[in-house]
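Everything on this sheet refers to the single structure shown next.
The values are calculated or read from the model by the stated rules, or taken from the named source; none is laboratory data. Treat the numbers as computed from the prediction; the structure is a model and nothing was measured. For neighbour counting, all protein chains shown are included, and Cβ atoms are generated from backbone atoms with ideal geometry for every residue, glycine included. To get the accessible areas, we keep the full protein, side chains included, count just its heavy atoms, and leave off ligands, DNA and RNA. Shrake-Rupley method; radii C 1.70, N 1.55, O 1.52, S 1.80 Å.
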Amino acid sequence: MKKLRLVTPGPMMAPPETLLELAKPVYHHRTPQARAVLAEAAAGLKEVCQTRADVVILTSSGTGALEAVVANVVQPGDTVIALSAGKFGERWVQLCRAFRAKTVVVEEPYGKAIPPARVAAALKEHPNAVAVLATLCETSTAVTHDIESIGRIVADSPAVLAVDGISGVGADECRTDAWHIDFLAGGSQKALMVPPGLAFLTVSAKGRQIVESRSDAAAYYFDLKKALRAAAESDTPFTPAHTLIAALVSSLRQILLDGMEAVWSRTRHMSRAVLAAIRALGLESLAERPAAGVTAIVAPNGIAADDWAKLLERKYGVKVASGQGTLKGKIIRVGHMGYLDALDVMGIVAALEWSLRELGFAVEPGAAASAASRVFSDAYR
Ligand SMILES: *Cc1c(COP(=O)(O)O)cnc(C)c1O
């Protein structure tokens, strides 16, 4: 029997070359060998994020990078604008509250994207805001945000722009420098094709300036001043998960062999194929602006999304994610980023169709695969 196909939008599958790195003997982390690995990882991440800014690699899950931003940028009482249209936007809001910021929440319902004009309006109303916190791919709804436009707006203000790119980096097009992103947060376990355990953060010159100006930031482990100083020497303030960083280097080499344009394009085609397949089945996607790396599918009337997800796993070995928060029981989320290609997607859409028929939903046999195949066929011609 073929093992589980893990297509949850985090963690996602990792390639064998990457996993084999983790089978190697543990060595010491204060060595030229460890520094070389850290240096290559940082250089690779810069390429993936399209930036010449500083990069720090943190030993934590992705949320550690979000906390690092808030802890190092926000002082109690500061005004912060948090954009929230889903579970991960809400995480920014909760972080702001934990660090006692005066939080201005710009909110849209689940499934929608924050219109950039609303960011401009919020900055006009709160010219003293120190930061705007955004999300590239809002994984809970599979919406991708127009960070390019938001970046242009925030760049004209004194505020810094921090973007949660934990599921977006390596899937959705993202140009950190060209789009004026001051802090871009990522994690290892999504499109970067590494097991969970690493986070990273890019820090622009404008971002660094505000970090250096916060002399009493409420941070110790996540103190970015220390982390940036160490990173300049290809080092870390504390013991890094350096064996995971070696695995990251392996994945980055595989990603950069193709190049980011090819990776973004492949991921976008997988999204188009899944969207075409669900349309052919008479279903809808939840997202107003669908992300490249994940699709949220609204379960048809009369079918409980969680039953559908369970059947997909039990019978076809396809592990998808269910809805979070108010979307629980209403949607399933299929990841198609990182170590996944057109052939994997063809199998996944077929399984979506077979399982729906088995649950009693009337679909034309072959409709999903045929629609998806047409997308790839046109793309590969
Ligand atoms: C997965 C995810 C996170 C959470 O990351 P952890 O690694 O669980 O801390 C945060 N934001 C987004 C957008 C995500 O997709």
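Taking region 90-115 as the range and being part of a helix (DSSP H, G or I), open to solvent by less than 70 Å² (accessible area, probe 1.4 Å) and farther than 20 Å from residue 149 by Cβ as the test, the residues that pass are 90, 93, 95, 96, 98.
Tally up the residues in region 2-54 that are acidic (Asp, Glu) and touching a strand residue (DSSP E or B) at 6+ places or on another chain (Cβ under 9 Å), please.
Looking only at that region, the number is 1.
So for region 235-243 (the condition being more than 24 Å from residue 256 (Cα to Cα), in contact (Cβ under 8 Å) with a residue 40 or more places away in the chain and open to solvent by 30 Å² or more (accessible area, probe 1.4 Å)), does at least one residue qualify? Within region 235-243 (the criterion being more than 24 Å from residue 256 (Cα to Cα), in contact (Cβ under 8 Å) with a residue 40 or more places away in the chain and open to solvent by 30 Å² or more (accessible area, probe 1.4 Å)), the answer is yes, since at least one residue qualifies. Exactly one residue out of 310, 328 is surrounded by fewer than 13 Cβ atoms within 10 Å (Cβ to Cβ) and free of Cβ contacts under 8 Å to residues at least 24 places away in the same chain, and it is 328. Count of region 198-225 residues, restricted to those that are part of a loop (DSSP other than H, G, I, E, B), within 30 Å of residue 15 (Cα to Cα) and away from the ligand (no atom under 16 Å from the Cβ), is 0. Within region 210-231, being within 12 Å of residue 71 (Cα to Cα) and open to solvent by less than 50 Å² (accessible area, probe 1.4 Å) holds for 210, 211, 214, 217, 219, 222, 223, 224, 225.
Anything in region 358-370 that is closer than 13 Å to residue 283 by Cα and either under 28 Å from the mean Cα position of the chain (by Cα) or part of a helix (DSSP H, G or I) (or both)? List them, or say none. Correct list: 367, 368.
How about region 187-220: which of its residues are within 21 Å of residue 50 (Cβ to Cβ) and small (Gly, Ala, Ser)? Scanning region 187-220 gives 187, 188, 191, 199, 204, 205, 207. A Cβ distance below 7 Å, combined with a sequence gap of six or more or placement on separate chains, defines the contacts here; from region 173-200, residues that are in contact (Cβ under 8 Å) with a residue 12 or more places away in the chain reach residues that are charged (D, E, K, R) and within 16 Å of the ligand (Cβ to nearest atom) in the pairs 185/164. Figure legend. Inter-residue proximity from region 47-72: first residues in a helix (DSSP H, G or I), second residues hydroxyl-bearing (Ser, Thr, Tyr) and away from the ligand (no atom under 11 Å from the Cβ), beta-carbon distance below 6 Å, spacing 6+ or different chains. Indicated pairs: 49/176; 49/202. Looking only at residues in region 35-46 that are over 15 Å from the mean Cα position of the chain (by Cα) and within 22 Å of residue 10 (Cα to Cα), the one that is nearest to the ligand (Cβ to nearest atom) is 41. Beta carbons closer than 9 Å, at least 6 apart along the sequence or on distinct chains, pair a first residue in region 261-289 that is of a type in the set (D, E, K, R) with a second that is open to solvent by 60 Å² or more (accessible area, probe 1.4 Å) for 261/173; 266/258; 266/341; 268/173; 288/112; 289/112.
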